[in-house]
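Accompanying notes for the structure given below.
The numbers here are math on the coordinates, done by the rules we state, and not lab data. This structure is a prediction, so every number in the text was calculated from the model and none was measured. Here Cβ is always computed from backbone atoms with ideal geometry, including for glycine, and neighbour counts include all displayed protein chains.
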Amino acid sequence: LLTVLFGFVLALPNLLTDDTRASMPSWAPSEQLRLGLDLQGGAHVLVSAEMDAVFQKRMDNLANDVRRVLREGGNIKRGTPVVKQDSVTIRIKNAEDIDRARVALNQLPQPLQSGAITGINSTDLDITLDEAKQAFRLQMNEPAKAELTDRTIIQSLEVVRRRIDPEGIKEPTVARQGRDRILIQVPGADSAKEILDVIDEAAVLNFHVVTPSGQSDLIKGIKKSTQSIYPDVQEGGPLWLVDKVPLVRGEQVVDANPSFDQNGEPVVSFRFNAAAGRDFGRWSQGNVGQLFAIVVDDKVIS
């Protein structure tokens, strides 16, 4: 009888309204049983990542890098880069500049993450020369596309999970399906449209300089025209006072990969385009030890 009574007390919150549960003593159980999709009902959707747009963005950034390395390689005369979905073609105007152009362009291929695992020295770009047209073609190869797809899906899983369940109480299922699709199941959701409305807006990523300020002076010391306050992504975490204008915008990030530092510790290696690289280089050189915040959807994730 005592066991049955104890079980009834624990199950009682499931029979009460939200207002009644909120007014109960702090020592009383208040957690409701979380029902899954099969018992509670809800909605599920299967979404596909638009990888063509991701590849196109990678090639747009590559075209800017091509211009930069040819300029830094001695102002090599060239045509306008021709950008396609998975390649960039650049014509060199003077035949005597071909060798210098090759040396400059060979700086651009980046090692693949799979190469660190397999030991095979492979890069993300294949460079070929059409000698008749004096044109170099830099093409993203299939292993590079597969790695970029994997990273995009893994990042998207986390973004979707935060969008669907920012408080961490809905217990949705967010899982990868196949190569480029994501299955989302949300108990209690009224419709698939409700889910799609939440995840439809693109995530906004920016890098902001953290303003040196004590926590007690955070609010009263803010300069609304030049500073902003963002919450930490961890519940109960600190507020962060940052410069309102981003140091680097998300679209200026060319690439990001999981990696390891000199001590074997896991880190994230990221690469900016030429303009952002110069700005970040100048700032970091003059601000050793200063914090910068990685902000996604107006929350500081790191």
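Numerical summary
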| quantity | calculated |
| --- | --- |
| In Hz, Karplus ³J(HN,Hα) per residue of region 45-57 (6.51, -1.76, 1.60; θ = phi - 60°; x = Gly, Pro) | 9, 10, 10, 10, 6, 7, 5, 4, 5, 5, 4, 4, 4 |
| Long-range lysine pairs (8 or more apart or interchain), the chain, Cα under 15 Å | 9 |
| Value of relative contact order over the chain, rounded to a whole percent, pairs C-alpha under 8 Å and six or more apart | 16 percent |
| Label-point separation, A256 to A203 (7 Å along Cα→Cβ), nm | 0.7 nm |
| Region 258-271 - phi-based ³J(HN,Hα) in whole Hz, Karplus 6.51/-1.76/1.60, Gly and Pro as x | x, 8, 9, 8, 5, 9, x, 7, x, 9, 10, 9, 10, 10 |
| Inter-site label distance for S26 and D232 at 7 Å from Cα along Cβ, in nm | 2.2 nm |
| Between 0 and 90°, nearest 10: helix 2-11 axis offset from the chain longest Cα axis | 50 degrees |
| Label zone at V245, where the point sits 7 Å out along the Cα-to-Cβ direction: region 283-302 residues whose backbone N lies under 15 Å | 283 |
| FRET efficiency estimate (nearest 0.05) - Cβ-Cβ, N64 to I301, R0 41 angstrom | 0.95 |
| Structure-based [θ]222 nm, the chain - -39500 (n - 2.57) summed over DSSP H runs of at least 4, per residue, nearest 500 | -10000 deg cm²/dmol |
| Protection proxy ranking, peptides 127-135, 288-296, average beta carbon neighbours within 10 Å, highest first | 288-296, 127-135 |
| Three semi-axes of the equivalent ellipsoid, the chain, Cα gyration tensor, whole Å, largest first | 48, 26, 16 |
| Karplus 3J(HN,Hα) series, Hz, for region 181-196 with 6.51 cos²θ - 1.76 cosθ + 1.60 (x for Gly, Pro) | 10, 10, 8, 10, 10, 10, x, x, 5, 6, 7, 5, 4, 4, 5, 5 |
| Cβ-Cβ FRET estimate between N14 and N287, R0 fixed at 51 Å, reported to 0.05 | 0.45 |
| Distant-in-sequence amide H partners of Q227 (H built 1.01 Å from N, under 5 Å) | K244 |
| Inter-site label distance for K170 and K133 at 7 Å from Cα along Cβ, in nm | 4.9 nm |
| Proximal charge balance of V88 [Cβ under 13 Å; K/R count +1, D/E count -1] | +3 |
